[in-house]
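One structure below.
Values quoted throughout were computed directly from the atomic coordinates according to the rules given, and no laboratory measurement underlies them. Note that the structure is predicted; figures quoted are calculated from it, not measured. Neighbour counts run over all protein chains shown; Cβ positions are idealised from the backbone, glycine included.
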Amino acid sequence: MAQQERAIRTRKIILEAAAAIFDERGYESTTIAEILERAEVTKGALYFHFPSKGDLARGVLAAAVTTDGVRSHSLKLQELADTLLLLAYRLPREPMLSAALRMAVDPQSRRLFGTAWPGWTELLADLLREAKARGEIVEHTDEEAVARMIVSTWTGVRVVTEGLPGTYDLPGEIALLLRLLLAAVAVPAVLSRLEISAARAAYLYEDMPAWRAETAGSAAGITP
């Protein structure tokens with residue numbers, strides 16, 4: 001068990017080091033030597049977990065599709081909003097997420113490895129399907145189409161605001177986006193109950209250590 005835990009920890013360290021450098025320099029400009037130096041691991045350890053730099057890139061993209069920190073809620077639309085608000089708060093702070101976005105908008109990286117967008121689209125579509133089953137969204141909603149539009153516009157907000165003059169708070173911009181988009185599909189009684197704000201994004205981020213501790217306890221069979 002201890003050996004397995006060390007292997008998991010080593011893999012995480014390598015992936016985080018690769019993500020940080022991909023985010024700083026881009027995939028093409030990153031070298032294995034830089035990743036080894038940043039991760040402080042041997043070449044054998046790196047190649048055991050990731051046989052190539054391409055496998056590292058795919059690992060970063062896979063890790064970027066995450067609901068970490070999102071608690072279960074009586075409203076599935078609140079879970080959807082929380083997922084996207086928390087992502088907006090985490091992205092500038094976590095190279096794993098920002099590296100995945102950088103690779104997704106780079107044509108060469110996208111051609112080689114694809115993007116995390118299909119994974120995000122399916123994750124959101126699943127939440128929308130559950131929301132429809134609970135009567136939270138209007139019956140004629142096409143869950144996959146709405147999920148695709150959310151992913152497209154979320155990404156667009158991030159990319160466009162980086163190029164605009166002035167300073168934009170990503171959680172605040174994403175909160176505005178979600179209020180606009182969810183108003184088109186949520187039934188009024190549910191829409192009025194949703195909490196969608198930059199302040200909620202910050203709260204979710206601050207709650208992540210407690211969420212992780214509870215998740216780890218549950219996985220170990222420990223109840224708080």
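Rounded, prolate or oblate, given the Cα gyration tensor of segment 102-224, with a/c below 1.5 counting as rounded?
rounded
First measure r as the distance between the Cβ atoms of HIS73 and VAL159, then evaluate 1/(1 + (r/R0)^6) with R0 = 30 Å and state the FRET efficiency to the nearest 0.05.
The formula returns an efficiency of 0.55 here.
Give a residue-ordered list of calculated ³J(HN,Hα) values for segment 154-162 (Karplus: 6.51 cos²θ - 1.76 cosθ + 1.60, θ = phi - 60°; whole Hz; x for Gly, Pro).
Taking θ as phi minus 60°, the curve returns 4, 4, x, 4, 4, 5, 5, 5, 5 Hz for segment 154-162.
Please state, to two decimals, what the Cα-based radius of gyration of the chain comes to when divided by 2.2 N^0.38 Å (N = residues).
Compared with the compact-globule rule of thumb, the chain sits at 1.09.
What is the count of Lys pairs in the chain whose alpha carbons sit under 16 Å apart, if the two are 8 or more places apart or on different chains?
For the chain, qualifying lysine pairs total 4.
How large is the charge dipole for segment 2-63, taken about the Cα centre, if only the Cβ atoms of Lys, Arg (+1) and Asp, Glu (-1) carry charge, to the nearest 20 debye?
That gives segment 2-63 a dipole magnitude of about 240 debye.
If you scale each eigenvalue of the Cα gyration tensor by 5 and take the root, what three semi-axes come out for segment 56-151, rounded to whole angstrom and sorted largest first?
Value: 26, 16, 9 Å, ordered largest first.
For the ranges 67-78, 15-26, what's the packing order if you count other beta-carbon atoms within 10 Å of each residue, average per peptide, and put the highest first?
Peptide ranking by packing, descending: 15-26, 67-78.
What's log10 of I(q)/I(0) for segment 2-63 at q = 0.17, 0.26 Å⁻¹, Debye sum over Cα points only, no solvent?
With one equal scatterer per Cα and no solvent, log10 I(q)/I(0) is -0.49, -1.13.
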